[in-house]
Amino acid sequence: MEKFILDVQLLNDEGLSAPVALPAVDVTDNGFVARWEKDFSGSFLFVLAEDVNFSRSVDSYDAVMLEDTSLVVSGLSSGTSYYYKVFAIFGNLVSDESNIIEVTTL
């Protein structure tokens, strides 16, 4: 008899767990690489803003859908603080937001 191993993500009663955003790397005067952890088989929604309340989102990075655990962010202003967060998406489920990461371009 053959054994089959399935990669199954079990969701708790509260839905999908929020991802963990990691500090940005490769920070330059006009960008950086945003990173986060992945512990499920799904997608992410990335949001970038110029304020911690996310009321001034950066248009080209407002609600970017992707499956990777990093995103090269470019075309930003130098010497400016930016904030990013991510949401996990699995089918019709959307997690709470991740922790918020602040990064200042050089």
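The values are calculated or read from the model by the stated rules, or taken from the named source; none is laboratory data. None of these values were measured; they are calculated from a predicted model. In this analysis, Cβ positions are derived from the backbone assuming ideal geometry, glycine residues included, and neighbour counts consider all displayed protein chains.
Considering region 58-78 alone, what residues qualify as being under 15 Å from residue 101 (Cβ atoms) and small (Gly, Ala, Ser)?
70
Which residues, taken from region 14-45, are outside any loop (DSSP other than H, G, I, E, B) and either under 10 Å from the mean Cα position of the chain (by Cα) or without any contact (Cβ under 8 Å) to a residue 40 or more places away in the chain (or both)? Even if it seems obvious, please write down each step before you answer.
Of all residues in region 14-45, those outside any loop (DSSP other than H, G, I, E, B) come to 15, 21-25, 32-36, 43-45.
Once the filter is applied, which keeps residues that are outside any loop (DSSP other than H, G, I, E, B) and either under 10 Å from the mean Cα position of the chain (by Cα) or without any contact (Cβ under 8 Å) to a residue 40 or more places away in the chain (or both), region 14-45 yields 21, 22, 25, 34, 35, 36, 43, 44, 45.
Return the only residue of 71, 76 being surrounded by 16 or more Cβ atoms within 10 Å (Cβ to Cβ), modelled with pLDDT of 95 or more and not in a loop (DSSP other than H, G, I, E, B). So that I can check it myself, show each step before the final result.
Details: 76 fails: not in a loop (DSSP other than H, G, I, E, B).
Only one candidate passes the filter, namely 71.
Which of the following residues is on the phi < 0 side of the Ramachandran plot and assigned to a strand (DSSP E or B): 97, 102? It would help to see each step written out before you state the result.
On the way: 97 fails: assigned to a strand (DSSP E or B).
One residue alone meets the criteria, 102.
Just the residues that are of a type in the set (Ser, Thr, Tyr), over 13 Å from residue 52 (Cβ atoms) and surrounded by fewer than 18 Cβ atoms within 10 Å (Cβ to Cβ), please, taken from region 79-106. Steps first, answer last, please.
Taking region 79-106 and keeping what is of a type in the set (Ser, Thr, Tyr), we get 80-84, 95, 98, 104-105.
Next cut, over 13 Å from residue 52 (Cβ atoms) only: 80, 95, 98, 105.
Once the filter is applied, which keeps residues that are of a type in the set (Ser, Thr, Tyr), over 13 Å from residue 52 (Cβ atoms) and surrounded by fewer than 18 Cβ atoms within 10 Å (Cβ to Cβ), region 79-106 yields only 80.
Name every residue in region 12-68 that is on the phi > 0 side of the Ramachandran plot and surrounded by fewer than 16 Cβ atoms within 10 Å (Cβ to Cβ), in order of residue number.
15, 26, 63
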